[in-house]
Amino acid sequence: MVAKKNENTNELPESSKETIDKKTTNFEYLPSSTTGVIVKHNGYQLSYSEQHEQAEWVAYTLDKSDIVYTNYERPFFIADPKVSTKSADWRNYKRSGYDKGHLCPAGDRRASKKAHDETFYTSNITPQNHEFNAGIWNKLEQKTRYWAKKYHHLYVVTGGVLEPNLKTIGNEKVSVPNYFYKVLLDYTQPEVKAIAFLMPHKDSNQPLYNFVVSIDELEEKTGIDFFPALPDELEDTLEASTNYKNWSFR
């Protein structure tokens, strides 16, 4: 999705260009929270839903410099020490038939061991079918890292769609989302763009661009305002679009 004056140009309005130039270095990228429980870690931030025993979103920046291939030993999953109501115990997943699916992937946080290990807090995991977790979802995570290297700096927001009457697992009734989403924003000149994906919780052989939706559609489905700090004119244009032509899917 690209902010533009019309369908034949990628040029932004001059007012938006000036605002972006001033705000890129300290842009507040966090979405709104429907729960009011914002937890800040070094490598990511999240909005925790006690009702669903997982984050409604996890948000973080992903720079080209973050994409390294250091192999750290995987730590144990532990409760998030910053969630006052306590995040779900990992034992809820035991014999559930579901993977402990990362929202902020460990692979996005290999630049330091501390950041890597933070991704193993249970506030950052969600029940995912193995075929989905290791299949189309993993493909999207890898493509996100590819785009971070290509475009140098991204803002990432990801989570499961938390809604009433979801299936649950474990004694703490951890919700199993029927859909997962990922929203990416490239907020740098000369081409500001965003793209959003909404995936049914099942594996698929379809190309990733088949799952592209407008951010407006995601906001309606989740009740979350994903980029409230964007200038209004730019936000309206980016969030209404389903154009993905400016993102390389090679």
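Rule-based calculations on the coordinates, nothing more; no lab input. Remember, it's a predicted structure, so these values are computed and weren't measured experimentally. Positions of Cβ are generated from backbone atoms using ideal geometry, with glycine treated the same way; all protein chains shown enter the neighbour counts.
What is the calculated FRET efficiency for E50 to N171, with r their C-beta to C-beta distance and R₀ = 25 Å, to the nearest 0.05?
So the FRET efficiency works out to roughly 0.95.
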Could you give the dipole magnitude of the chain about its Cα centre, charging the beta-carbon of Lys and Arg +1 and that of Asp and Glu -1, in debye to the nearest 20? 1200 debye
Residue by residue through segment 80-85, what is 3J(HN,Hα) from phi via Karplus (6.51 cos²θ - 1.76 cosθ + 1.60, θ = phi - 60°)? Round to whole Hz and write x for glycine and proline. 6, x, 9, 8, 5, 8
Given +1 on the Cβ of Lys and Arg, -1 on the Cβ of Asp and Glu, and no further charges, what dipole in debye does segment 209-250 carry about its Cα centre, rounded to the nearest 20? 480 debye
Just from its helices, what would the mean residue ellipticity at 222 nm be for the chain, if runs of 4 or more DSSP H residues each count -39500 (n - 2.57) and the sum is divided by every residue, rounded to the nearest 500 deg cm²/dmol? -6000 deg cm²/dmol
What ranking do 85-93, 43-51 get when scored by the average of other Cβ atoms within 10 Å per residue, highest first? 43-51, 85-93
Beyond 27 Å between alpha-carbons counts as too far, so tell me which of K113/K202; K114/K150; K40/K182; K114/K149; K64/K173 fall in that bin. K113/K202; K64/K173
In Å, the Kirkwood hydrodynamic radius from C-alpha pairs for segment 61-216 sits at 16.5 Å
For the chain, percent of DSSP beta bridges that are antiparallel (nearest 5) comes out at 95 percent
